[in-house]
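Take a look at the structure below.
The values are calculated or read from the model by the stated rules, or taken from the named source; none is laboratory data. Just so you know, these numbers come straight off a predicted model, no measurement behind them. Cβ sites come from the backbone with ideal geometry, for glycine too, and all protein chains shown count toward neighbours.
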Amino acid sequence: MEIISKKPETLVFKAKIKESLANAIRRYINKIPILAVDEIEISKNGSALFDETIAHRVGLVPLKMKKEFEKSPPVLELSAKQEGIIYSGQIKGKAEVVYDRIPITSLNKGQEIELKAITKIGKGTEHAKFSPGLIFYRNCSEIIVDKESAEEMKKTFPKIEIKEEGNKVKIIDENEKEIKDFVEGFMEKKKGSFETVFKEDLIIKIESFGQIPVEEIFTKSLEALKTELKELDKAI
């Protein structure tokens, strides 16, 4: 496994793993237990939005997940009277919102909103609000083109790796941003010949919605897959 890039909410790495297993791990991202608002009790709503609209917006606000919430999901509250936009950061309680500038509604002078948000632990297979993020993957590849074309491409993508082989060169497509489609489009426009050779290694990209750290998404998805495989083995 080789880390290509790591940011607070994205992780890209290269790994020698079969596509079938990578796809299974990708699907099991929605089996990770995640905290989200499940029920809302609105006692006051002077805004122009219907209760159902506000409930929908609050329900989709990502909440930071903690191990303790699995046993005791917290109750959150929102109470505001000030004129202007009411943001997700004004939701208070033991669970912290991931993004505090999500607009919930807006109030005019003299209006107020008051609600209680009851959370629960769920999985993305039940509802999208419980999904912790996304996983994408693609094959590493080598694109074989003539030297002249490779030099022109180098001006557009200065970081691409090029290996010379006689009068041809190999462009190694193993970076965070895939360039295969660009290279093939470039060569077709020039009416030049090219060959794409796919390798066994995969480039895997993980994006987190912020409930759990991005590096935990892959491992927790793998753990969920292992758990179900053990259950299947017992059943068989």
*Answer from Glu152, Glu216 - the residue that is in the same structural domain as Glu9 (by TED's automatic domain parsing) and either at pLDDT below 85 or out of contact with any strand residue (DSSP E or B) (no Cβ under 6 Å at 6 or more places or on another chain) (or both)*: Glu152
*For Glu142, indicate whether it is of a type outside the set (Phe, Trp, Tyr), crowded, with 16+ Cβ neighbours inside 10 Å and modelled with pLDDT under 95.*
yes
*Being in contact with a Lys or Arg (Cβ under 8 Å, 6 or more places away or on another chain), modelled with pLDDT of 95 or more and crowded, with 20+ Cβ neighbours inside 10 Å, is that true of even one residue in the stretch 167-178?*
no
*Would you mention how many residues in the stretch 129-148 are in contact (Cβ under 8 Å) with a residue 60 or more places away in the chain and not polar (S, T, N, Q)?*
10
*Within the stretch 164-192, how many residues turn out to be among the charged types (D, E, K, R) and touching a residue at least 12 places away in the same chain (Cβ under 8 Å)?*
11
*Within the stretch 69-87, can you find the residues that are surrounded by fewer than 11 Cβ atoms within 10 Å (Cβ to Cβ) and within 22 Å of Ile32 (Cα to Cα)?*
Lys71, Ser72
*Would you check which residues across the stretch 88-135 are surrounded by fewer than 17 Cβ atoms within 10 Å (Cβ to Cβ) and on the phi > 0 side of the Ramachandran plot and list them?*
Gly93, Gly110
*Determine whether Ile162 is in contact with a helix residue (DSSP H, G or I) (Cβ under 9 Å, 6 or more places away or on another chain) and modelled with pLDDT of 95 or more.*
no
*What number goes with the only condition from (1) closer than 27 Å to Glu2 by Cα; (2) in contact with a Ser or Thr (Cβ under 8 Å, 6 or more places away or on another chain) that Lys159 does not pass?*
(2)
*Would you please list the contacts, defined by Cβ atoms under 7 Å and residues six or more apart or on different chains, that run from a residue in the stretch 27-39 that is farther than 30 Å from Asp51 by Cβ to a residue that is in a strand (DSSP E or B)?*
Ile29/Gly133; Ile29/Ile135
*Taking the stretch 194-236, which residues are basic (Lys, Arg), within 24 Å of Met65 (Cα to Cα) and in contact (Cβ under 8 Å) with a residue 40 or more places away in the chain?*
Lys205, Lys220
